[in-house]
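**Student:** Take a look at the following structure, please.
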């Protein structure tokens, strides 16, 4: 999947009072907790996600999977690219880590997605248009920040 070809949806940022290595570990921990639940499994099955199991190396690396997501690229302490697809969307969630001063890391989460057809458009309205996606991503970032600090 070519990430750059997916339309930009949004980007959220937080600054973490921790070094990039700690933030990187925090991302993996939060993803494992967030996407390993029974609820996530049901959601992935309902939508027909390509990836429906948690598997692969830990800490996260290329080839690791979560329910609904697969690690397409992993540059520890710098960038984590997650991709996925289901009946209504093809998507990517890209975490980028940048230095933000001594002992501080800027963590950004960029979402890109395509929602084909009328049903995809309705799904986009339900997930993106309601603000639910933005809330979920901000919660992920906050959880990473709390865990790393």
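**Student:** Among 114, 145, which is surrounded by fewer than 19 Cβ atoms within 10 Å (Cβ to Cβ), in contact with a strand residue (DSSP E or B) (Cβ under 9 Å, 6 or more places away or on another chain) and either closer than 20 Å to residue 84 by Cα or in contact (Cβ under 8 Å) with a residue 60 or more places away in the chain (or both)?
**Tutor:** 114
**Student:** Considering only the stretch 41-89, state which residues are out of contact with any strand residue (DSSP E or B) (no Cβ under 9 Å at 6 or more places or on another chain) and surrounded by 17 or more Cβ atoms within 10 Å (Cβ to Cβ).
**Tutor:** 41, 67, 86, 88
**Student:** Okay, next question. Out of the stretch 90-100, which residues are over 20 Å from residue 148 (Cβ atoms) and either surrounded by fewer than 19 Cβ atoms within 10 Å (Cβ to Cβ) or out of contact with any helix residue (DSSP H, G or I) (no Cβ under 6 Å at 6 or more places or on another chain) (or both)?
**Tutor:** 90, 91 - these are the residues of the stretch 90-100 that are over 20 Å from residue 148 (Cβ atoms) and either surrounded by fewer than 19 Cβ atoms within 10 Å (Cβ to Cβ) or out of contact with any helix residue (DSSP H, G or I) (no Cβ under 6 Å at 6 or more places or on another chain) (or both).
**Student:** Now, a different point. What are the residues in the stretch 51-94 that are within 14 Å of the chain's Cα centre (by Cα), outside any loop (DSSP other than H, G, I, E, B), free of Cβ contacts under 8 Å to residues at least 40 places away in the same chain and more than 19 Å from residue 134 (Cβ to Cβ), if any?
**Tutor:** 65, 66, 70, 71, 73, 74, 79 - these are the residues of the stretch 51-94 that are within 14 Å of the chain's Cα centre (by Cα), outside any loop (DSSP other than H, G, I, E, B), free of Cβ contacts under 8 Å to residues at least 40 places away in the same chain and more than 19 Å from residue 134 (Cβ to Cβ).
**Student:** While we're looking at this one, here's another question. Can you tell me which of 15, 9 is surrounded by 16 or more Cβ atoms within 10 Å (Cβ to Cβ) and touching a residue at least 60 places away in the same chain (Cβ under 8 Å)?
**Tutor:** It is 9.
**Student:** Here's another thing I want to ask about it. Looking for something within 22 Å of residue 131 (Cα to Cα), within 14 Å of the chain's Cα centre (by Cα), at pLDDT 95 or above and not in a helix (DSSP H, G or I) - is there at least one such residue anywhere in the stretch 18-32?
**Tutor:** no
**Student:** Got a sec? Which of 31, 46 is closer than 30 Å to residue 120 by Cβ and without any contact (Cβ under 8 Å) to a residue 24 or more places away in the chain?
**Tutor:** Result of the check over 31, 46: 46.
The values are calculated or read from the model by the stated rules, or taken from the named source; none is laboratory data. Just so it is clear, the model here is predicted, and its values are computed rather than measured. Note that we place each Cβ from the backbone using ideal geometry, even for glycine, and neighbour counts take in every protein chain shown.
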